[in-house]
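The block underneath contains the structure these notes are about, expressed in C-alpha cells.
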Amino acid sequence: VSIYTGVTIAEYYRDMGYSVAVMADSTSRWAEALRELSSRLGDMPAEEGFPPYLATRLAEFYERAGLVETLSGKDGDITIIGAISPPGGDFSEPVTQHTTRFVRCFWALDKVLADARHYPSISWIDSYTEYLHDIEQWWANIDSEWFSARKEAMNILLEDHKLQQVVKLVGTDALQPAQQFVLFVAEMLKNAFLQQNSFDPLDKYCSPEKQIKLLKTIIGLYKKGRDLVQAGFSVKEISSLDVVSEMLRLKSVIPNKEPGKIDEYNKRLIDALDSLKQRVKET
C-alpha cells in the first residue's frame with residue numbers, strides 16, 4: 001500500500017495549494033508485490049505471472065498526477081516520477097511496457113553509458129518526450145532557434161547510432177569522410193553537451209541560456225565543417241584545430257551567468273574554420 005499512501009499524502013498537500021513531487025522508487029517492486037499478493041489470492045495470472053489488472057492499477061496511479069483548482073480557488077498540482085527496474089534491463093517486460101503507455105516522458109538509463117562513466121547515463125535513443133510542443137514556447141522566449149537546433153542534434157545522434165553498427169563490422173576507416181564527420185560531431189555532442197560532472201563547480205548545473213548556446217555552437221561546427229568536408233578537407237584537419245578541441249572544455253570554464261562568452265568563442269570558431277578554407281584557396 002506504500003505507493004497509494006504516498007500519492008494520498010501528496011493529494012493532501014495539493015489540496016492545500018502546494019506543488020508536490022512524488023518519487024515512486026520503484027514501481028517494479030510494487031508490481032512484484034502485487035503479483036505475489038495476487039497469486040496468494042488465487043487470481044488468474046497474465047503475462048509473466050502479473051495479474052491481468054496490472055495495467056489498470058498503473059493507470060490509476062499515474063492519473064492522480066496533474067494540476068487542479070482547489071475548493072479555496074488556489075492552484076495545486078502533483079508531479080509523479082516513477083522509477084522502473086526492469087529485470088536484466090529488458091524494456092519489453094510488462095511493467096515497463098504498460099508504464100510507457102500512460103506517461104508522456106520516459107528516461108531510459110543505459111548500462112553501457114554508465115559503464116563508460118558517461119553521466120547522466122540517459123539514453124538519447126530509447127528516451128522520449130511528448131511535451132515538446134508544451135515547452136516549445138517557453139524555450140522560444142529564450143532562443144527562437146531552440147526547436148530547430150534540438151531537431152538537428154537528434155538527427156546527428158540517430159545517424160551516429162546507425163553508423164556505429166557499421167563501424168563494429170568494418171571500422172571507421174571504411175566510412176566516407178562525411179560519415180566520419182557525423183561520428184566526430186556526435187562524440188562532441190555526447191561529451192561537450194550531454195555529459196555532465198556533478199562535482200564540477202560550473203558544470204554541476206547549467207542555465208537554459210548556456211544550454212542553448214552550447215548546443216547551437218556544436219550545430220554551427222557541424223554545418224560549417226560539413227561544407228569543409230564536402231570541399232575535400234579531412235576530419236582530422238578540422239578536429240586538430242585548437243579552437244575545436246577547446247569546445248570540450250566550454251561547459252566547465254564558462255560560468256552560467258556569462259553565456260555571452262560562448263558567443264565570443266563561436267566567433268573564433270567560425271573565423272578558424274573560414275581561415276582554414278582560405279589558406280587552401282591561397283595555396
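Specify which of the listed residues (K190, K277, K223) is open to solvent by 80 Å² or more (accessible area, probe 1.4 Å) and not hydroxyl-bearing (S, T, Y).
After ruling out the rest, the residue left standing is K223.
Scan the stretch 9-59 for residues that are more than 19 Å from V95 (Cβ to Cβ), open to solvent by less than 70 Å² (accessible area, probe 1.4 Å) and part of a helix (DSSP H, G or I) and jot them down.
Residues satisfying the conditions are A10, E11, R14.
From (1) within 19 Å of the chain's Cα centre (by Cα); (2) closer than 25 Å to I212 by Cα, pick out the condition that doesn't hold for T100.
So T100 meets the others, but not (2).
Do we have any residue at all in the stretch 97-114 that's within 22 Å of F184 (Cβ to Cβ), open to solvent by less than 70 Å² (accessible area, probe 1.4 Å) and assigned to a loop (DSSP other than H, G, I, E, B)?
Scanning the stretch 97-114 turns up at least one residue that is within 22 Å of F184 (Cβ to Cβ), open to solvent by less than 70 Å² (accessible area, probe 1.4 Å) and assigned to a loop (DSSP other than H, G, I, E, B).
Run down E63, E159, E130, E136 and say which single residue is under 21 Å from E32 (Cα atoms), surrounded by fewer than 17 Cβ atoms within 10 Å (Cβ to Cβ) and without any contact (Cβ under 8 Å) to a residue 40 or more places away in the chain.
Only one candidate passes the filter, namely E63.
Against the condition open to solvent by 80 Å² or more (accessible area, probe 1.4 Å), touching a residue at least 24 places away in the same chain (Cβ under 8 Å) and in a helix (DSSP H, G or I), how does R150 come out, does it pass?
In short, no.
In this structure, does D77 turn out to be under 24 Å from S123 (Cα atoms) and open to solvent by 30 Å² or more (accessible area, probe 1.4 Å)?
Judged against the criteria, D77 is not a match.
So which pairs qualify, if the first residue must be in the stretch 8-21 and on the phi < 0 side of the Ramachandran plot, the second must be modelled with pLDDT of 95 or more and open to solvent by 90 Å² or more (accessible area, probe 1.4 Å), the Cβ gap must be under 6 Å, and the two must be at least 6 apart or on different chains?
V20/Y13
Say we look at the stretch 69-96 and pick out the residues that are β-branched (V, I, T) and in a loop (DSSP other than H, G, I, E, B); which of these is farthest from R29 (Cα to Cα)?
Checked the stretch 69-96; the qualifying residue farthest from R29 (Cα to Cα) is T70.
Quickly run through the stretch 257-270 and pick out the residues that are in contact (Cβ under 8 Å) with a residue 40 or more places away in the chain and either among the charged types (D, E, K, R) or surrounded by 16 or more Cβ atoms within 10 Å (Cβ to Cβ) (or both).
K257, P259, I262, D263, Y265, N266, L269
Within the stretch 85-96, can you find the residues that are open to solvent by 40 Å² or more (accessible area, probe 1.4 Å) and over 24 Å from K162 (Cβ atoms)?
S85, P87, G88
The values are calculated or read from the model by the stated rules, or taken from the named source; none is laboratory data. The structure presented is a predicted model; accordingly, all values stated were derived computationally and were not measured. Please note: Cβ atoms are built from the backbone with ideal geometry, for glycine as well, and neighbour counts cover all protein chains shown. Note: accessible area is taken over every heavy atom of the protein model, side chains too, but ligands, DNA and RNA are not part of it. Shrake-Rupley method; radii C 1.70, N 1.55, O 1.52, S 1.80 Å.
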